1. Select from region A:318-348 the residues that are under 21 Å from A:Leu24 (Cβ atoms), at pLDDT below 75 and away from chain B (no Cβ under 14 Å) and list them in ascending order.
2. Does region B:44-54 contain any residue that is of a type outside the set (Phe, Trp, Tyr), exposed (fewer than 15 other Cβ atoms within 10 Å of the Cβ) and more than 9 Å from every other protein chain (Cβ to nearest Cβ)?
3. Could you list all residues from region A:249-284 that are out of contact with any Cys (no Cβ under 9 Å at 6 or more places or on another chain), among the hydrophobic types (A, V, I, L, M, F, W, C) and touching a residue at least 12 places away in the same chain (Cβ under 8 Å)?
4. Looking at (1) under 26 Å from A:Gln9 (Cβ atoms); (2) within 12 Å of chain A (Cβ to nearest Cβ); (3) touching a helix residue (DSSP H, G or I) at 6+ places or on another chain (Cβ under 7 Å), which one does B:Glu91 not meet, given that it meets all the others?
5. Which one of B:Ser55, B:Ser40 is touching a strand residue (DSSP E or B) at 6+ places or on another chain (Cβ under 8 Å) and either within 25 Å of A:Arg14 (Cα to Cα) or basic (Lys, Arg) (or both)?
6. In region A:4-17, what residues are at the interface with chain B (Cβ under 10 Å from one of its Cβ atoms) and either free of Cβ contacts under 8 Å to residues at least 24 places away in the same chain or of a type in the set (Phe, Trp, Tyr) (or both)?
7. Could you go through region B:59-73 and let me know if any residue there is outside any strand (DSSP E or B), surrounded by 15 or more Cβ atoms within 10 Å (Cβ to Cβ) and within 12 Å of chain A (Cβ to nearest Cβ).
Amino acid sequence: MVDLQALRQAEHGRRIRFGYMWALFCAVLWGLWYIPGTVVWDLNPFDTMYADIAATSGDSMALVVTAILITAINAVTVVIALLVWNGVLGNYGEMVRTAKAFKPCSRWFLFASLFGGPVAILGSYIAMGFGGGAFAAVAALLYPVVGAGLANAWHGEKISKRAAMGIIVIIAGSVTIFGGGMITELQSGSIGWMGYLGGLMAATGWGIEGAIADKGLDVSSADVGLHLRFIAELGIWVIVALPLLYLAGYNVFSYAIQAFEPLTMLMFAFAGVTFGFCYVSWYKSFPLIGVGRGQGIANLYGMFAVISTILFFGDVPQWTVLVGGALCIVGSFIMFSEESLELETLRA
Amino acid sequence: MSNLPRKIRMMEIMQDGKEYWNYEVIEQTMKDYGFQGEFSRDTLNMDLIELAAVSFIKEVDLKVDDEGVYKKGFLLHKYVITEDGKARLSEACMNAI
């Protein structure tokens, strides 16, 4: 006689582990994304583009216009990375079907792209351009609070005390990691209000995006949904934002053409792959463990951003980084160790 | 042939409120889309698991697959659509057509 309940629990445990695994993949890749995201600001043509626009329209405008072009090219490489991904999975047919089902599915991905692209990713790039990768990463750390709160309010997603505690500890750890660096950046006066605005856009944008996308994801597949979301974002940039900038007198298209040089393209390819797959993992974790937990674990990206900054830029970590990193790990273990049967269904 | 996204089609198969084994729904869905192979089958099973996680369908029975109708030695789940699932489906299908 086979113990059915034991088998059932084992199978259920596998589902939860998969969900956490996807969220963790997301964190690692997300942490890596800050490398190309920061480097690209110093490459051709963005350094000259920034200087040119700053000379006529001021620093703030230069920052926003340059960030829009960078975000738009970022969207192009993410769409290409996902084309490969969905091609391998044989999902093109499903993509067409999901896109056609506008009200139940693709409508939500369109909304998600509005908050994810022009709000969150643009905000992140603005923060990176202004205060560097570390500042941009810390500024966005609060997004799971927004995401978990909205998922609870909109679709009654359960947040256990334990999950809430884990999220809080991870946020505390992440803030500690960047605390030291941020104080230095603040003292040197390199962060202005635009940088803060960018950070705020990232935190609220990603939180809202997660909660909205979850609504479309409950009846569609994550790989497909995400791809549609990025195609929609690309549309917003190419059809709306860039032409508007062009009409306003900023020759963004000539800068876009200049971006076709090996090093710049290599950085965007790196950004597309890390960001595309970080996003796939993010979306895949939501239906398995919920928006709150998925975003909470993905928030470990703060720690991975520090590790990749050390590896690629050679910045030596301060003691705050070690304490903060330890807090992040403790927080995620609080969430991992949750009794998995509590997660049998994700919604109340 | 169905023009609906996979998960919506699977709920549509179950919309009569009867209880279905996962392999029954999967088999029908594979026929609808002309899918073949184990990868598609496992993908569709994952879709069912995700639908259950958001309470659109719920598990009512389970047994071990002794005969290998789906995957020998694995658990088979019997599901029924929930009120939430029906509500989401009616919203989905009304607008998808």
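The values are calculated or read from the model by the stated rules, or taken from the named source; none is laboratory data. Note that this is a predicted model, so its numbers are computed, not measured. Cβ coordinates were reconstructed from backbone atoms using ideal geometry, including for glycine residues, and neighbour counts include every protein chain displayed.
1. Answer for region A:318-348, where residues must be under 21 Å from A:Leu24 (Cβ atoms), at pLDDT below 75 and away from chain B (no Cβ under 14 Å): A:Val321, A:Leu322, A:Met335, A:Phe336, A:Ser337, A:Glu338, A:Glu339.
2. no
3. A:Val252, A:Ala256, A:Ala259, A:Leu263, A:Met267, A:Phe268, A:Ala269, A:Phe270, A:Ala271, A:Val273, A:Phe275
4. Among (1) under 26 Å from A:Gln9 (Cβ atoms); (2) within 12 Å of chain A (Cβ to nearest Cβ); (3) touching a helix residue (DSSP H, G or I) at 6+ places or on another chain (Cβ under 7 Å), B:Glu91 violates only (1).
5. Answer to the check: B:Ser55.
6. Result: A:Leu4, A:Gln5, A:Leu7, A:Arg8, A:Ala10, A:Glu11, A:Arg14.
7. Yes, there is a match, as at least one residue in region B:59-73 is outside any strand (DSSP E or B), surrounded by 15 or more Cβ atoms within 10 Å (Cβ to Cβ) and within 12 Å of chain A (Cβ to nearest Cβ).
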